[in-house]
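Peer 1: Have a look at this one before I ask anything.
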Amino acid sequence: QVQLVESGGGLVQAGGSLRLSCAASTIIFSISTMGWYRQAPGKQRELVATITSGGSTNHADSVKGRFTISRDNAKSTVYLQMYSLKPEDTAVYYCNLVYDHRDYWGQGTQVTVSS
């Protein structure tokens, strides 16, 4: 069974930074594609960034240059470093693991950016 536990969310002022972490309790972590998604109130969940097992990354245009996804396979953890946060980044951020055409999700962590 795959479990994903996010942490690192919180309240920050515009222009500030946060680092989200997602710890995975699964032996398939190192061979899985990991991602971060977010969902703001009244909006659909959207992709923020992904990182493949080989380390290739993809970032949404809205966060390019401000957010960076990374992974530490030894710790089975994926990170999202967020800089220059904006009020529109306010959302619940979810960790995602994809393996063998299956999706797994964490419970989410709230990020609130005040203006």
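The values are calculated or read from the model by the stated rules, or taken from the named source; none is laboratory data. Just so it is clear, the structure is predicted and the values come from calculations on it, not from any experiment. Cβ sites come from the backbone with ideal geometry, for glycine too, and all protein chains shown count toward neighbours. Each accessible area value is taken on the protein alone, full model and side chains, heavy atoms only, with ligands, DNA and RNA left out. Shrake-Rupley method; radii C 1.70, N 1.55, O 1.52, S 1.80 Å.
Peer 1: Can you give the direction-averaged projected area of the convex hull of the alpha-carbon atoms in the range 1-96, in nm²?
Peer 2: On the way: hull surface 24.2 nm².
Averaged projected hull area, Cα only: 6.1 nm².
Peer 1: Quick one: with all protein chains in place, what share of the accessible area of the chain is carbon or sulfur, to the nearest percent (1.4 Å probe)? Each step should come with its number before you reach the end.
Peer 2: On the way: 2870 of 6170 Å².
Here it works out to 46 percent.
Peer 1: Please give the length that would be gained between GLN110 and GLN1 if that part of the chain were fully extended, namely 0.36 nm times their separation in residues minus their C-alpha to C-alpha distance (nm, one decimal). Walk me through the numbers before you get to the answer.
Peer 2: Numbers: separation 109, 0.36 × 109 = 39.24 nm, distance 2.44 nm.
Between GLN110 and GLN1, full extension yields 36.8 nm more.
Peer 1: If you don't mind, there's one more thing I want to ask. More than 16 Å apart: what percent of Cα pairs in the range 55-115 qualify? Mind dumping the intermediate values first?
Peer 2: Numbers: 1014 of 1830 pairs.
Summing the P(r) of the range 55-115 above 16 Å gives 55 percent of all pairs.
Peer 1: Label 7 Å along Cα→Cβ of GLN39; the range 85-115 residues with amide nitrogen under 16 Å?
Peer 2: Counting backbone N atoms under 16 Å from the label point, the list is 90-97, 103-111.
Peer 1: Quick check for you: with a 1.4 Å probe and neighbouring chains kept, what is the accessible area per residue of the chain, in Å²?
Peer 2: Details: 6170 Å² over 115 residues.
Solvent-accessible surface per residue comes out at 54 Å².
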